[in-house]
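Student: Submitted below is the structure of interest, expressed as structure tokens.
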Amino acid sequence: MPTIIPKDRADSQRLARALLDAAGDRPERVRTINPRGRLAFVVDDELAAAVGTGDYAPPPEAPKKRAPRKTSAKTTD
């Protein structure tokens, strides 16, 4: 079960609304905890995926390799 820790108070309000909206008629799917005095949400995997948080973000794309530079320099053998 993913634990979602908001960045700040505004983020916690936004996340709470999004999580409860996604939970629909089952608000028990959203639990709150207070680790070290901060608010956090514990939700099931499907709910975290529906809201788009946690480990469900696609991995970042690897940087594309640049093509070798073409030069007009002449080389001697």
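Student: Filter region 18-54 down to the residues that are surrounded by fewer than 18 Cβ atoms within 10 Å (Cβ to Cβ) and in contact (Cβ under 8 Å) with a residue 40 or more places away in the chain and list them by number.
Tutor: Answer for region 18-54, where residues must be surrounded by fewer than 18 Cβ atoms within 10 Å (Cβ to Cβ) and in contact (Cβ under 8 Å) with a residue 40 or more places away in the chain: 42, 44, 45, 54.
Student: Also: Looking at (1) in contact with a helix residue (DSSP H, G or I) (Cβ under 7 Å, 6 or more places away or on another chain); (2) modelled with pLDDT under 90, which is the only condition residue 57 fails?
Tutor: The single condition residue 57 does not satisfy is (1).
Student: Of the residues that sit in region 30-54 and are at pLDDT below 90 and β-branched (Val, Ile, Thr), which one is farthest from the chain's Cα centre (by Cα)?
Tutor: 51
The values are calculated or read from the model by the stated rules, or taken from the named source; none is laboratory data. Fair warning: this is a prediction, and the values are worked out from it, not measured in the lab. Don't worry about glycine lacking a Cβ; one is built from the backbone with ideal geometry, like all the others, and counts go over all protein chains shown.
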